[in-house]
1. Could you please find all residues in region 206-243 being in contact (Cβ under 8 Å) with a residue 24 or more places away in the chain, among the acidic types (Asp, Glu) and surrounded by fewer than 20 Cβ atoms within 10 Å (Cβ to Cβ)?
2. Within region 122-131, identify whether any single residue is of a type outside the set (A, V, I, L, M), surrounded by 17 or more Cβ atoms within 10 Å (Cβ to Cβ) and over 29 Å from Ser275 (Cβ atoms), and answer yes or no.
3. Determine whether region 9-20 contains at least one residue that is of a type in the set (D, E, K, R), surrounded by 10 or more Cβ atoms within 10 Å (Cβ to Cβ) and at pLDDT 90 or above.
4. So, Val332, is that one buried (at least 18 other Cβ atoms within 10 Å of the Cβ), assigned by TED's automatic domain parsing to the domain that holds Asp236 and touching a residue at least 24 places away in the same chain (Cβ under 8 Å) or not?
5. I'm trying to understand the selection: among the residues of region 335-357, which are more than 18 Å from Gly198 (Cα to Cα) and surrounded by 17 or more Cβ atoms within 10 Å (Cβ to Cβ)?
6. Kindly list, by first and then second residue, each pair from a residue in region 361-377 that is acidic (Asp, Glu) to a residue that is assigned to a helix (DSSP H, G or I), limited to pairs with Cβ atoms under 6 Å and residues at least 6 apart or on different chains.
7. Anything in region 309-324 that is part of a loop (DSSP other than H, G, I, E, B) and either in contact with a Phe, Trp or Tyr (Cβ under 6 Å, 6 or more places away or on another chain) or touching a residue at least 24 places away in the same chain (Cβ under 8 Å) (or both)? List them, or say none.
Amino acid sequence: MTTDGSMPPIDVRYYYEDQDRHGNTRRYFRRRIPGSAKFRKVRLREKPDTPEFHEEFAAALAGRPFIRTGEKPPTPPPPKVVERSLRWLVQRYYKDSLEFRAYDEETKKVRRNILKSLCKEPVSEDDKREIGDLPCDMPEAAIVVMVRRKAESSINSANARLKAIRKLSEWAVAEKPPLMVKNVAKGIDLLKAPRTGGHHTFDVAEIEQYCERHPPGTKAWLALHLFLLFGQRISDVAKFGKQHIRRPDHVAAKLREIHPGRWLAFRQHKNRNRSPVDLVIPILPQLEEVLAISKQAGVLGDMTFLETEYGKPFTVKGLGNWFGDRCSEAKVPGRAHGLRKAGATISAQNGATPHQLMAIFGWKTLAQAELYTKAVQQQLMAGGAMNLLVFTPGGQP
């Protein structure tokens, strides 16, 4: 705007008007594209001789979109996908891979996030090109660099990246015609994570301390007993509800002889599509009492035993975070998986065999169960033999 309040003149060389069939005037910015016989044409929709009109014309002159006051800038168009680039291959993988399309939504989301992060990562500090724009036939050395780069923050994340590249390459090589020459990622070993013992295993004192802070009738007390007395992963406990309960007359007679009460029947969430595990386990009298108290207190859900404060099912991550907060309130270490480990430890201490542990916890190999039984056997053998460790001053008798 000039000092006298009028609008500054526009460059009329690039201003053009015509009329539509109703007699309405249409206004345009029109300018020849340098080095071309074509023109760039932009419709001007603001009222002439207003600040908005001049801002719109200036935006057209500068070759940028016009954004009105208070409006959000338009979403930039997705990057142009170069054929036979890594990003191009990933998009084909999502669309054409039967194995990927058969994954459940949670697994698809994780795999997409891994590959999206990889494609958007810069090649190096000096080369700001995105990895997704490079050719999809990546050499082994380049994949090793990508994996090691991720390992700086997390070895598990680095291995997840390598597994995703392996699956992508495996599909691409098997396509007809092949989209990649060779699955070089297959020959790269996964990184070995340091042995930490995994999640902290709750001991009896910690369970009692938790229950002192979260007494019977609270949702937190219910959650602990569901994790401990079902002995299942958080991904399963988050989904348990009345639809999984089987009345005694709905199970085989042999099972009723073992346990005359109710049973829980379900398919484990982990590997449910690739290698499903179906379990039927008894609902212990202690847990039946927990369910009854929780129902009377109004904290027991229907289609899922554990519900949010809004009466909705927890997501697996949401339940894990919520239970972690309850542990912090009770000033005890560990998370939900630590109660599954505590259940396995207690079962082994009470004499459960490896095969019995496999039946309870849904493990497929003896090695997992023997981690617990061997620990108990060591304790029993040490307890029975410790009296042999004696020292007599002056030598043995």
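The values are calculated or read from the model by the stated rules, or taken from the named source; none is laboratory data. These numbers were taken from a predicted model, which means no experiment stands behind them. Every residue, glycine among them, receives a Cβ derived from its backbone with ideal geometry; neighbour counts consider all protein chains shown.
1. Step one: list which residues in region 206-243 are in contact (Cβ under 8 Å) with a residue 24 or more places away in the chain, which gives 206-207, 209-210, 212-214, 216-243.
Going one step further and asking which of them are among the acidic types (Asp, Glu), we end up with 206, 212, 236.
Scanning region 206-243 gives a single hit, Glu212.
2. From region 122-131, those of a type outside the set (A, V, I, L, M) are 122, 124-130; that's our starting set.
Adding the requirement that they be surrounded by 17 or more Cβ atoms within 10 Å (Cβ to Cβ) leaves 130.
From what's left, over 29 Å from Ser275 (Cβ atoms): 130.
For region 122-131, residues of a type outside the set (A, V, I, L, M), surrounded by 17 or more Cβ atoms within 10 Å (Cβ to Cβ) and over 29 Å from Ser275 (Cβ atoms): present.
3. Within region 9-20, the subset of a type in the set (D, E, K, R) is 11, 13, 17-18, 20.
Cutting the leftovers down to surrounded by 10 or more Cβ atoms within 10 Å (Cβ to Cβ) gives us 11, 17.
Applying the additional criterion that residues be at pLDDT 90 or above yields 17.
Yes, some residue in region 9-20 is of a type in the set (D, E, K, R), surrounded by 10 or more Cβ atoms within 10 Å (Cβ to Cβ) and at pLDDT 90 or above.
4. Values: buried (at least 18 other Cβ atoms within 10 Å of the Cβ): yes; assigned by TED's automatic domain parsing to the domain that holds Asp236: yes; touching a residue at least 24 places away in the same chain (Cβ under 8 Å): yes.
So Val332 passes the test.
5. To start, the set of residues in region 335-357 that are more than 18 Å from Gly198 (Cα to Cα) comprises 347-357.
Correct list: Ser347, Ala348, Ala352, Pro354, Leu357.
6. Here the result reads Glu370/Pro354, each pair linking region 361-377 to a residue that is assigned to a helix (DSSP H, G or I).
7. Phe314, Thr315
Residue-wise test of (1) surrounded by fewer than 17 Cβ atoms within 10 Å (Cβ to Cβ); (2) over 32 Å from the mean Cα position of the chain (by Cα).
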{"residue": "Gly261", "(1), (2)": "yes, yes"}
{"residue": "Lys270", "(1), (2)": "yes, no"}
{"residue": "Val277", "(1), (2)": "yes, no"}
{"residue": "Val280", "(1), (2)": "yes, no"}
{"residue": "Val290", "(1), (2)": "no, no"}
